[in-house]
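To keep things clear, I will list the structure first and then write my remarks on it.
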Amino acid sequence: MSKKVKIIGILLVAVLLIGISINYVFHGGERDLATEEAEFTVSSKKITGEFATDVAKATLKYSDKAIAVSGKVTAVSDSIVTIDNTIICNFKTPDTSIKNEQSISVKGRLVGFDDLMGELKLDQCSINKNN
């Protein structure tokens, strides 16, 4: 086999692997958190306290994991629900059953902590039915 054919073969394999990797990142890694079991079940006060004490440790513990957070609804706006003014939950679709001042437990994926505002951000949220 000539050197040119080997190089072309290696390049084709590399392009194929890169394409598969990109496809996985954008589509294959998507999860259905509504069907997953929560790895942690905590109150909003407990989890925000952990982040206030040690952001790095709490981020390592909770980041990108399915967690259930309980507390009192303090704001509802379309598909965003705020719990105890510190947990921002982004639902895929609005849930009209959620009302202000309601005690609630939501399950979602922790995507970040805003240390300036002291807020935790969850996405793919749903009502936690395993209270």
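The values are calculated or read from the model by the stated rules, or taken from the named source; none is laboratory data. Worth saying up front: this structure is predicted, and the values here are computed from it rather than measured. For neighbour counting, all protein chains shown are included, and Cβ atoms are generated from backbone atoms with ideal geometry for every residue, glycine included.
Name the residue, out of V25, V81, V13, V5, that is of a type in the set (A, V, I, L, M) and either in a strand (DSSP E or B) or modelled with pLDDT of 90 or more (or both).
V81
Take the range 86-121 and flag every residue that is free of Cβ contacts under 8 Å to residues at least 12 places away in the same chain and part of a loop (DSSP other than H, G, I, E, B).
T96, L116, M117
Which residue out of A38, A68 is touching a strand residue (DSSP E or B) at 6+ places or on another chain (Cβ under 7 Å) and in a loop (DSSP other than H, G, I, E, B)?
A38
Taking the condition of a type in the set (K, R) and either in a strand (DSSP E or B) or in contact (Cβ under 8 Å) with a residue 24 or more places away in the chain (or both), does K61 pass?
no
Cβ-Cβ under 9 Å, sequence separation 6+ or interchain: first residue in the range 70-82 and farther than 14 Å from I127 by Cα, partner hydroxyl-bearing (S, T, Y) and in a strand (DSSP E or B). Which pairs?
As it stands, the answer is T74/T82; A75/T82, since those pairs meet every condition given.
What single numbered condition from (1) at pLDDT below 90; (2) in contact with a Phe, Trp or Tyr (Cβ under 8 Å, 6 or more places away or on another chain) fails to hold for I67?
Checking I67 against (1) at pLDDT below 90; (2) in contact with a Phe, Trp or Tyr (Cβ under 8 Å, 6 or more places away or on another chain), the one that fails is (1).
Of the conditions (1) aliphatic (A, V, I, L, M); (2) at pLDDT 85 or above; (3) over 17 Å from N128 (Cβ atoms), I47 fails just one. Which one is it?
(3)
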